[in-house]
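Heads up: the structure comes next, in structure tokens.
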Amino acid sequence: MTNNDLIDSLIIEWKRERPDLDTSAMSIVGRILLLGKALEKRANKTVSALNIHYTDLDVLATIRRSGKPYELTPSQLMKSVLISSGAMTALLNRLTKLELIYRASNPKDGRVKLVGITEKGIRIIDEAIVLRMAEAIESISALNDSEEEQLSFLLKKLLSSLNNPHEVCK
């Protein structure tokens, strides 16, 4: 019996078809891509009972973490949330319709809009974040404490080596 996963199979197939290619990085990059998809799917499933998506949770959590008065500009949100600016506009429109956020003019500068979280939004995010953190803990339960620490360090190192990892989703 073999322990090959999808990435091993892809590498084997490329070595057969194109032995000139160096596929060694795919053993890491391919698995990180698959892992990202799997983790996002789990996160979406976890918060779906609250009628929100993972990206909704990301925006609501960002505003909630900002502290009172729980208001940020769209550009402040973009620095923390991993979605494109076009997707952000659509998401903010959706969250407004769900009455989880509101948009208002900044009293300090009327040209600048603020995105704030409603009382309903606070209730939803406070419930969702508990579920999300429990799901995240469960997602890495295959690792011991030392492995968690080492993987966290290595992923952070890899991210920081890329040219502006926050710009990936913009």
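The values are calculated or read from the model by the stated rules, or taken from the named source; none is laboratory data. Bear in mind that the values here come from a model prediction, so they are computed numbers and not experimental data. Every residue, glycine as well, gets a Cβ built from its backbone with ideal geometry; the counts of neighbours run over all protein chains shown.
Only one of GLU40, GLU17 is surrounded by 11 or more Cβ atoms within 10 Å (Cβ to Cβ) and acidic (Asp, Glu); which?
Result of the check over GLU40, GLU17: GLU40.
Conditions (1) at pLDDT below 95; (2) closer than 20 Å to SER48 by Cβ; (3) in a helix (DSSP H, G or I), marked per residue:
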| residue | (1), (2), (3) |
| --- | --- |
| PRO69 | yes, no, no |
| SER75 | yes, no, yes |
| MET78 | yes, no, yes |
| VAL112 | yes, no, no |
| ILE122 | no, yes, yes |
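Counting only residues that are in contact with a strand residue (DSSP E or B) (Cβ under 6 Å, 6 or more places away or on another chain) and either free of Cβ contacts under 8 Å to residues at least 40 places away in the same chain or exposed (fewer than 11 other Cβ atoms within 10 Å of the Cβ) (or both), how many does region 93-111 have?
Qualifying residue count for the region: 5.
Within region 114-133, how many residues are surrounded by fewer than 15 Cβ atoms within 10 Å (Cβ to Cβ) and touching a helix residue (DSSP H, G or I) at 6+ places or on another chain (Cβ under 8 Å)?
Result for region 114-133: 2.
Out of the residues in region 144-170 that are loosely packed, with under 12 Cβ neighbours inside 10 Å and outside any helix (DSSP H, G or I), state the one that is modelled with the lowest pLDDT.
Top of the filtered list is ASN164.
Given the conditions (1) in contact with a strand residue (DSSP E or B) (Cβ under 8 Å, 6 or more places away or on another chain); (2) under 23 Å from SER48 (Cα atoms), report the number of the one that GLU138 does not fulfil.
Checking GLU138 against (1) in contact with a strand residue (DSSP E or B) (Cβ under 8 Å, 6 or more places away or on another chain); (2) under 23 Å from SER48 (Cα atoms), the one that fails is (1).
Scan region 92-110 for residues that are of a type in the set (A, V, I, L, M) and either touching an Asp or Glu at 6+ places or on another chain (Cβ under 7 Å) or in a strand (DSSP E or B) (or both) and jot them down.
Across region 92-110, the qualifying residues are LEU95, ILE101, ALA104.
Of LEU60, LEU82, which residue is part of a loop (DSSP other than H, G, I, E, B) and in contact (Cβ under 8 Å) with a residue 12 or more places away in the chain?
The conditions single out LEU82.
Identify, by number, the condition in (1) in contact (Cβ under 8 Å) with a residue 24 or more places away in the chain; (2) out of contact with any Ser or Thr (no Cβ under 9 Å at 6 or more places or on another chain) that ARG18 doesn't meet.
Single failed check for ARG18: (1).
LEU35: assigned to a helix (DSSP H, G or I) and surrounded by 18 or more Cβ atoms within 10 Å (Cβ to Cβ), yes or no?
no
Are there any pairs, at least 6 apart or on different chains, whose C-beta atoms fall under 7 Å, with the first in region 40-54 and under 22 Å from LYS97 (Cα atoms) and the second of a type in the set (Ser, Thr, Tyr) and modelled with pLDDT under 95, and if so, which?
Note: pairs meeting the criteria are ASN44/TYR54; VAL47/TYR54.
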